[in-house]
1. Out of curiosity, is TYR164 surrounded by 18 or more Cβ atoms within 10 Å (Cβ to Cβ) and either within 16 Å of the ligand (Cβ to nearest atom) or on the phi > 0 side of the Ramachandran plot (or both)?
2. Name the residues in the stretch 147-174 that are small (Gly, Ala, Ser) and under 17 Å from the mean Cα position of the chain (by Cα), would you?
3. List, please: which pairs have Cβ atoms under 7 Å, are six or more places apart or on different chains, and start with a residue in the stretch 173-184 that is of a type in the set (Ser, Thr, Tyr) and end with one that is in a helix (DSSP H, G or I)?
4. Within the stretch 75-109, which residues are at negative phi and within 16 Å of the ligand (Cβ to nearest atom)?
5. Just name the residue that is nearest to MET283 (Cα to Cα) out of those in the stretch 177-230 that are β-branched (Val, Ile, Thr) and away from the ligand (no atom under 16 Å from the Cβ).
6. Out of (1) away from the ligand (no atom under 16 Å from the Cβ); (2) in contact (Cβ under 8 Å) with a residue 24 or more places away in the chain; (3) out of contact with any strand residue (DSSP E or B) (no Cβ under 8 Å at 6 or more places or on another chain); (4) farther than 30 Å from TYR25 by Cα, what's the single condition that is false for ASN62?
7. Residues to consider are PHE58, PHE47; find the one that is hydrophobic (A, V, I, L, M, F, W, C) and over 30 Å from ASP301 (Cα atoms).
8. Quick check: is even one residue across the stretch 133-146 modelled with pLDDT of 95 or more and under 24 Å from LEU56 (Cα atoms)?
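The values are calculated or read from the model by the stated rules, or taken from the named source; none is laboratory data. Just so you know, these numbers come straight off a predicted model, no measurement behind them. Positions of Cβ are backbone-derived with ideal geometry, glycine not excepted, and every protein chain shown enters the neighbour counts.
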Amino acid sequence: MPYGACVNIKPLQDEAEYRVALETYCQQVTPEYGLYWDYLRPTREAFNFDYGDAVLAFADANEMLMRGHTLVWYAAMPEWTKQISSAAEAERELETHIQRVVSRYRGKIKTWHVVNEPIEEPKGKVAGLRPSLWLHYLGDRYIDTAFRLAHEADPAAELIINDYDIECVGENFAARRQALATLVRDLIERGVPLHGVGLQGHIQGKYQIDTDGLSDFVSKMKSLGLSVHVTELDVIDAALPPPIALRDAMVAARAHDFLNAVFAAARPAVIATWGITDRYTWMPMWFKRRDGLPNRPLPFDRDYQPKPLWTVIDYFCRKD
Ligand code: XIL
């Protein structure tokens, strides 16, 4: 099974050790933020494909596949999109964007995270769709529209929906899992070209994995004929104890429980982490530790030494 990681453009360009780690371990790469709207479209007219193209060139040179992240997301939207003021205009921009971006990478990006994080933060036991420009102007069918447009632009591409916080024990997670399962089932019933589901896997290290809930979710996806992808695995260690050996062991154990529950129901198409080394991780932006110690969410440490989390990932990648 392929292992993948998201790629940050700066160390890709500046740091040989970073490139070597990707070349040594990865079969897939995902541009970290180069395909977000706010990076791709600094103005309404201009498209900036520099980042995506650079990661693609690296992937091609090393016989890796590049994943597409992401076409529709509530976040990382450029300022100019605030001027959008009608359903017709929203639909026109969505169409322009998806056609332009997907056709540019047609046959190159074989898997697209078409809609990212469609499920809201639940209030209590139920979760609906997350507020966004798209939901506001186009209603819940914005998801159908996005998938249909992506399918038109590259009929051979695998199109997936991607979300987080479905794996742990708790009401919040159960609500999100339920909401995502229902959304996916409805999309399939409406004949939307949806081929798979991405579990981001930003695991909240302080909670246990809901192994039954997660396996059950993955079984449901499998019975709908969908592939399952682990797209952004890392373990949020903000609330885990400070000692490094202990923390690394706990991080690995959570990932083990997560992957074990997924594998109990289906073999995923990929295990991808959100970064490869603790040296470059988004984690402190959102989940800084109170004691000021650096986060250790990823399979390799700041010096590119493998951590117990790598042992777990490597084990599952080799498992039948
Ligand atoms: C993070 C990225 O790593 C940052 O570069 C970005 O600025 C903010 O978000 N879910 C996702 C990713 O789908 O795109 C997010 O990435 C992490 C949460």
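1. Judged against the criteria, TYR164 is a match.
2. ALA157
3. So the pair list comes out empty.
4. ALA75, MET77, PRO78, GLU79, VAL101, ILE109
5. ILE209
6. It is condition (4) that ASN62 fails.
7. PHE47
8. The answer is yes, given that some residue of the stretch 133-146 is modelled with pLDDT of 95 or more and under 24 Å from LEU56 (Cα atoms).
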